[in-house]
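Please treat every number below as a calculation from the coordinates, not as lab data. As the structure is a computational prediction, the values presented were derived from the model and not from experiment. Glycine also receives a Cβ, built like all others from the backbone with ideal geometry; neighbour counts cover every protein chain displayed.
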Amino acid sequence: MRLFCCDAGAGSAAAFLCVRVEDLSPRSVRGPAENWRCFRISKQGHQINEDIRDKEVRLVSESGEQLGIMSARDALERAVEQNLDLVKISPTAKPPVCKLMDYGKYKFEQTKREKEARKNQHVVEIKEVRMSPGIDVNDFNVKLRNAQKFLAEGNRVKVTVRFRGREMAHTDIGRGLLVKFAEQCGEVATLDKDPKLDGRHMSIFLSPKVAKEGKK
């Protein structure tokens, strides 16, 4: 028998333990054939040692070697003899699959990997830039640079023009500002939707452009 483990992907609640078993049945006219059996490995917490009370389990060694099917008591005795823990890694398999391992070390390494993954994960935020229809050129350019900075950091930007009093009669001025703002950010961002008026506010959303790899 041969064995390997594979992850189901980021964010998945399970991985899989796959075992290759030779088929020696009489139906195999071309000699021994190899079949793969895969078991789901739970990542939602494990039963260990005395908590495992199944009548029988399929045991896997620390190195991944198949040790066969045996009672949970016999499997636990092997774990004690090797100063390891008995961990149920696939409770839905029949019989359940258990593995010999140093569970404390396993949990430590798992926590370390998750911490590293969180460190490398970028959380996209929505930054907001506000303007008035009568904004002057200098203020416009300052807000433009701020927006470009936010986009370069990988964040989305909401650009809003607020109308007061009689300014509501000239929403076309605000629309023109937003279109100009989006055009000025065209090298680093894409416009998600055209300007939309909501009450006294007109807004657009800008999303950072994804770098194209392998572009020649």
_the stretch 123-209: GluC sites (Glu not before Pro) in DSSP loop, at most 14 other beta carbons within 10 Å_ = Glu125, Glu153, Glu187
*Give the calculated FRET efficiency between Lys180 and Ser207 to the nearest 0.05, with a Förster radius of 25 Å applied to their Cβ-Cβ distance.*
0.90
*Over the stretch 126-208, what is the percentage of antiparallel beta bridges among all DSSP beta bridges, to the nearest 5?*
65
_For the pair Ile48/Ala117, report the inter-label distance in nm, with labels modelled 7 Å from Cα in the Cβ direction._
1.9
*Determine the distance separating the Cα centre of the stretch 47-98 from the Cα centre of the stretch 118-157; give it in Å without decimals.*
55
*asked:* Along the Cα→Cβ direction, 7 angstrom out, place labels at Asp139 and Lys158. What is the inter-label distance in nm?
replied: 2.1
_Summed residue charge, Cβ within 12 Å of Gly68's Cβ, Lys/Arg positive, Asp/Glu negative_ = -1
_Unit charges at the beta carbon, dipole of the stretch 63-216: most positive-side option, Asn83, Ala169, Cys98_ = Ala169
_Net charge around Asn146, counting only other residues with Cβ within less than 12 Å of its Cβ (Lys, Arg = +1; Asp, Glu = -1)?_
+2
*Which pairs break 27 Å Cα to Cα here: Lys112/Lys158; Lys112/Lys209; Lys149/Lys193?*
Lys112/Lys158; Lys112/Lys209
